[in-house]
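Visitor: Quick one: the structure is below, questions incoming.
The values are calculated or read from the model by the stated rules, or taken from the named source; none is laboratory data. No experiment lies behind these values; they were computed from the predicted model shown. In this analysis, Cβ positions are derived from the backbone assuming ideal geometry, glycine residues included, and neighbour counts consider all displayed protein chains.
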Amino acid sequence: MKIWLNGKLQDAEGARVSVFDHGLTVGDGVFETIKAERGRAFALTRHLERLTTSARGLGLPDPDLDEVRRGCAAVLDANPMALGRLRLTYTGGVSPLGSDRGDAGPTLVIALSETTRRPDTTAAVTVPWTRNERGALTGLKTTSYGENVVALARARERDASEALFANTVGALCEGTGSNVFVVLDGELHTPPLHSGCLAGITRALTISWAGAKETDLPLDALERAEEIFLTSTLRDVQAVTRIDDRQLADAPGPVTADAMRIFDEQSAADFDPR
Ligand code: PLP
């Protein structure tokens, strides 16, 4: 397996990042997960824009997007596979323990791992912890993912693949690694960005292609929803068959099935053409 580390393609085995990297010691980093089919990255430009937005939010220098593109292409070419998860990690770089970010410059790692297409349906749970809709990191895709790790473990204990958060005012927000859509009275809704959710790329495409409304919803909308689905880079559009103890009969329902079909059709055109 070859990875890209700070300007060079190298063997993953021998690649070394300092134990004093600020990304490791204090979670000072941002990342992107990008779907790659047969060596072509999906929605690469959107992912690179979001990487830049997240880096700026954290006060990191803008990533050199020419290098990032070169690195993605090199890693994809060096590791041929049918379906891959391309992971870009960009951190504050090396600095002595207990000190502020140093002058050594950021660390960029681009790695790829093989994956399989996620099932069309899944189960999800709600968790008692909240997303902060007004935090310094709200809306940024940072490597500070500990809360998501804890919530996902709760989901796994309950045979589910995703945990959904409300925000601090009790509004439905998002999952640990996905956005959420609900059908209420036949209409498709998703929480707005001010709920504190990540600006998911699959979310944005689904809003424009399937015509969803951005609506403030209480968490208990999940108890009334006729249909629920999740979106993310690796899930695409995934129907929820069980939320907590409530079964959603016949998922995917008609609105979800339409969103899945439209997403599959439209997304075929957005793979990096290189
Ligand atoms: N919300 C969070 C917290 C995420 O980490 C992710 C993706 O990893 C998403 C939503 C979905 O975003 P995207 O569709 O860009 O993968």
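Visitor: Would you mind telling me which numbered condition in (1) surrounded by fewer than 17 Cβ atoms within 10 Å (Cβ to Cβ); (2) closer than 26 Å to THR33 by Cα; (3) in contact with a helix residue (DSSP H, G or I) (Cβ under 8 Å, 6 or more places away or on another chain) THR233 fails?
Guide: In the conditions (1) surrounded by fewer than 17 Cβ atoms within 10 Å (Cβ to Cβ); (2) closer than 26 Å to THR33 by Cα; (3) in contact with a helix residue (DSSP H, G or I) (Cβ under 8 Å, 6 or more places away or on another chain), THR233 misses (1) alone.
Visitor: Can you pull out the strands (runs of 3 or more DSSP E) entirely within region 30-144 that have at least 1 residues that are under 21 Å from THR176 (Cβ atoms) and more than 18 Å from the chain's Cα centre (by Cα)?
Guide: Ranges flagged: 121-131.
Visitor: Check region 147-158 and report whether any residue there is over 23 Å from THR25 (Cα atoms) and over 21 Å from the mean Cα position of the chain (by Cα).
Guide: Scanning region 147-158, I find at least one residue that is over 23 Å from THR25 (Cα atoms) and over 21 Å from the mean Cα position of the chain (by Cα), so the answer is yes.
Visitor: So which of ALA204, ALA199 is of a type in the set (Gly, Ala, Ser), under 16 Å from the mean Cα position of the chain (by Cα) and over 17 Å from ARG131 (Cβ atoms)?
Guide: Of ALA204, ALA199, the one residue that is of a type in the set (Gly, Ala, Ser), under 16 Å from the mean Cα position of the chain (by Cα) and over 17 Å from ARG131 (Cβ atoms) is ALA204.
Visitor: Within region 14-63, work out how many residues are acidic (Asp, Glu) and either within 16 Å of the ligand (Cβ to nearest atom) or free of Cβ contacts under 8 Å to residues at least 12 places away in the same chain (or both).
Guide: Qualifying residue count for the region: 4.
Visitor: Among the residues of region 188-239, what is the count of those that are assigned to a strand (DSSP E or B) and away from the ligand (no atom under 13 Å from the Cβ)?
Guide: Of all residues in region 188-239, those assigned to a strand (DSSP E or B) come to 188-190, 213-214, 218, 227-232, 236-239.
Next, from what is left, pick out any that are away from the ligand (no atom under 13 Å from the Cβ): 188-189, 213-214, 218, 227-228, 239.
Adding up the residues that qualify gives 8.
Visitor: Please identify the pairs in which a residue from region 166-192 that is more than 20 Å from SER208 (Cα to Cα) has its Cβ atom under 7 Å from the Cβ atom of a residue that is among the basic types (Lys, Arg) and within 16 Å of the ligand (Cβ to nearest atom), counting only partners at least 6 apart or on another chain.
Guide: Matching pairs, first to second residue: ASN167/ARG131.
Visitor: Only one of these conditions is not met by ALA163: (1) small (Gly, Ala, Ser); (2) farther than 14 Å from ILE228 by Cβ; (3) part of a strand (DSSP E or B). Which number is it?
Guide: (2)
Visitor: A follow-up question, please. May I ask you to list pairs of residues, at least six apart or on different chains, whose Cβ atoms are under 6 Å apart, with the first in region 85-97 being over 11 Å from LEU51 (Cα atoms) and the second being aliphatic (A, V, I, L, M) and modelled with pLDDT under 95?
Guide: GLY93/ALA104; VAL94/ALA104
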